[in-house]
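Student: Got a structure for you, written out below as structure tokens; questions coming shortly.
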Amino acid sequence: MHSEPAVEVTGLVKRYGPKTAVDGLDLTIARGTVTAVLGPNGAGKTTTIETCEGFRRPDAGTVRVLGLDPVADAAALRPRVGVMLQSGGVYPGARAVEMLRHTAKLHAHPLDVDALVERLGLGSCGRTAYRRLSGGQQQRLALAMAVVGRPELVFLDEPTAGLDPQARRATWELVRDLRRDGVTVVLTTHHLDEAEQLADRVAIVDGGKVIAGGSVEELCRGGSESSLHFDGPAGLDLGSLHKVLPDGAAATEPSPGSYRVEAPLGPELLATVTAWCASVGVMPERLTVRRRSLEDVFLELTGRELR
Ligand code: ATP
């Protein structure tokens, strides 16, 4: 029925004075998918999301959300799009669950408030004023407010930042439920495991552009798919190892005494490396084989850790 994407961003540019926060960003998000937007601090993720939410106007490029313009068609989009605001937009004195019930009543087909409260562990906050809730409770309430109206699309900016593991898991479960109900979810996160757990698609943003996109599996494919690691005495002569490794393989010592071999993985590679260790009289400690993770991809692409 809906062939058009949930979100279509084309050539988005957004400047703050002399600073170009978003620099020609393209992003297409299919309906019914969970997309994680990853990127180092200052990459332009929040600015992009806020533009999709209609809070900022593009300086150039176009943004379509559910086929509409987020600024010009804001009124039409409001009941259809859930936005998780970081504390903004909530009356500090409002009572948590009452506020949620009130929001639910503004929508034609809201979720069951009691079930949502239970799911997010907000039961104990019933009559507590918003400002008296803990940071984690405020955050979960903001999430509940974003989804209670049963939106078609939700934007979640770092939904689990600062949450304890239990609340984090509850949030993940909620995102999975939303997906099951056909809701499109766009989330930013600094947690690669969150993206790996939840996302159908990942978009890696750096310098105001999407520099890579695809499923986690697609992103982790290519390059060196896996690597072999072992510890030994520092400063081993890797030249002699290179001689016995297949063409295109790389052996490095990323930190003293810690070795990494990148090559097509198989029993032969393991045999070659251990035979070489025997030939130089070294017992490889902590020999491990690691598949290329999203973290490796992220590091290779951005040259930075996620935090
Ligand atoms: P983070 O992971 O740290 O939240 P982000 O990827 O969400 O980062 P943005 O918040 O979109 O990045 O910021 C992109 C760039 O624009 C940053 O350099 C930031 O300092 C700058 N910026 C963001 N908002 C403003 C503003 N209101 N005024 C001036 N500069 C801003």
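Student: Normalised by the residues of the chain, what does the relative contact order come to in percent, with Cα pairs under 8 Å and at least six apart? Walk me through the intermediate numbers first.
Tutor: Working: 573 pairs, mean separation 60.8, N = 307.
Taking the mean separation of contacting Cα pairs over the length of the chain, I get 20 percent.
Student: Moving on to the next point. What percent of all Cα-Cα pairs in the range 145-227 falls into each 5 Å bin, going from 0 up to the bin containing the maximum distance?
Tutor: For the range 145-227, the pair-distance distribution reads 3, 13, 22, 24, 18, 12, 7, 1, 1, 0.
Student: If you don't mind, there's one more thing I want to ask. Can you give the relative contact order of the range 189-307 as a percent, counting alpha carbon pairs under 8 Å and 6+ residues apart? Please list the in-between numbers first.
Tutor: Values: 159 pairs, mean separation 34.7, N = 119.
Reported relative contact order: 29 percent.
Student: Something else: What is the sum of charges around residue 46, taking Lys and Arg as +1, Asp and Glu as -1, for the other residues whose C-beta is under 12 Å from the C-beta of residue 46?
Tutor: On the way: positive: 14, 45, 56; negative: 50, 53, 157, 158.
Net charge around residue 46: -1.
Student: Next up: DSSP loop GluC sites (Glu not before Pro) in the range 178-233 with at most 16 other Cβ atoms within 10 Å of their Cβ, which ones? Present the calculation step by step, with values, prior to reporting the outcome.
Tutor: Numbers: sites: 194, 196, 217, 218, 225; in loops: 225.
When the GluC sites (Glu not before Pro) of the range 178-233 are filtered for loop state and at most 16 Cβ neighbours within 10 Å, 225 remain.
Student: Given an 8 Å cut-off on Cα distances and at least 6 residues of separation, report the relative contact order of the range 1-98 as a percent.
Tutor: Numbers: 128 pairs, mean separation 27.9, N = 98.
Reported as a whole number, the value is 28 percent.
Student: Starting from the Cα of residue 244, move 7 Å in the Cα-to-Cβ direction to define the label point; list residues of the range 277-298 whose amide nitrogen is under 19 Å from there.
Tutor: Inside the label zone: 277-289.
Student: Provide the net charge surrounding residue 82, with neighbours chosen by a C-beta distance below 11 Å and charges set as Lys +1, Arg +1, Asp -1, Glu -1.
Tutor: Working: positive: 78, 80, 150; negative: 53, 152.
Surrounding charge for residue 82 is +1.
Student: What is the spread of the Cα atoms of the range 226-291 along each of their three principal axes, largest first, in whole Å?
Tutor: Principal axes ranked by extent give 25, 22, 17 Å for the Cα atoms.
Student: Be a star and scan the range 263-277 for residues whose amide nitrogen sits under 14 Å from the point 7 Å along the Cα-to-Cβ vector of residue 300.
Tutor: Correct set: 263-265.
Student: Once you list every other residue whose beta carbon is under 13 Å from the beta carbon of residue 160, what net charge do they have if Lys and Arg are +1 and Asp and Glu are -1? Could you put the intermediate results ahead of the total?
Tutor: Details: positive: 140, 168, 169; negative: 157, 158, 164, 173, 193, 194.
That sum, taken over residues with Cβ under 13 Å, equals -3.
Student: In sequence order, what are the phi-derived ³J(HN,Hα) couplings for the range 119-128 according to the Karplus relation 6.51 cos²θ - 1.76 cosθ + 1.60 with θ = phi - 60°, rounded to whole Hz, with x for glycine and proline?
Tutor: Once θ is set to phi - 60°, the couplings for the range 119-128 become 4, 8, x, 9, x, 6, 9, x, 9, 6 Hz.
Student: Which residue, 85, 77, 287, has the most motion in a Gaussian network model of the chain that connects Cα atoms within less than 10 Å?
Tutor: Sorting by GNM fluctuation, first place goes to 287.
Student: Now a separate question. If I model a spin label as a point 7 Å beyond the Cα along the Cα-Cβ vector, how far apart are those points for residue 74 and residue 57 in nm?
Tutor: 1.1
Student: Can you list, largest first and rounded to whole Å, the semi-axes you get for the range 46-181 by taking the square root of 5 times each eigenvalue of its Cα gyration tensor?
Tutor: Numbers: eigenvalues 128, 49, 45 Å².
The three semi-axes for the range 46-181 are 25, 16, 15 Å.
Student: For the chain, modelled as a Gaussian network with Cα springs under 10 Å, which listed residue fluctuates most, 228, 198, 174?
Tutor: 228
Student: How big is the chain by the Kirkwood estimate over distinct Cα pairs, in Å?
Tutor: Numbers: mean 1/r = 0.0459 Å⁻¹.
Evaluated over the chain, this radius sits at 21.8 Å.
Student: Rounded to the nearest 500, what is the chain's calculated 222 nm mean residue ellipticity when only DSSP H runs of at least 4 contribute -39500 (n - 2.57) each, over all residues?
Tutor: On the way: 11 runs with 99 residues, N = 307.
Helix contribution divided over all residues of the chain: -9000 deg cm²/dmol.
Rule-based calculations on the coordinates, nothing more; no lab input. Keep in mind that what you see is a predicted model, and the values were worked out from it rather than measured. Positions of Cβ are backbone-derived with ideal geometry, glycine not excepted, and every protein chain shown enters the neighbour counts.
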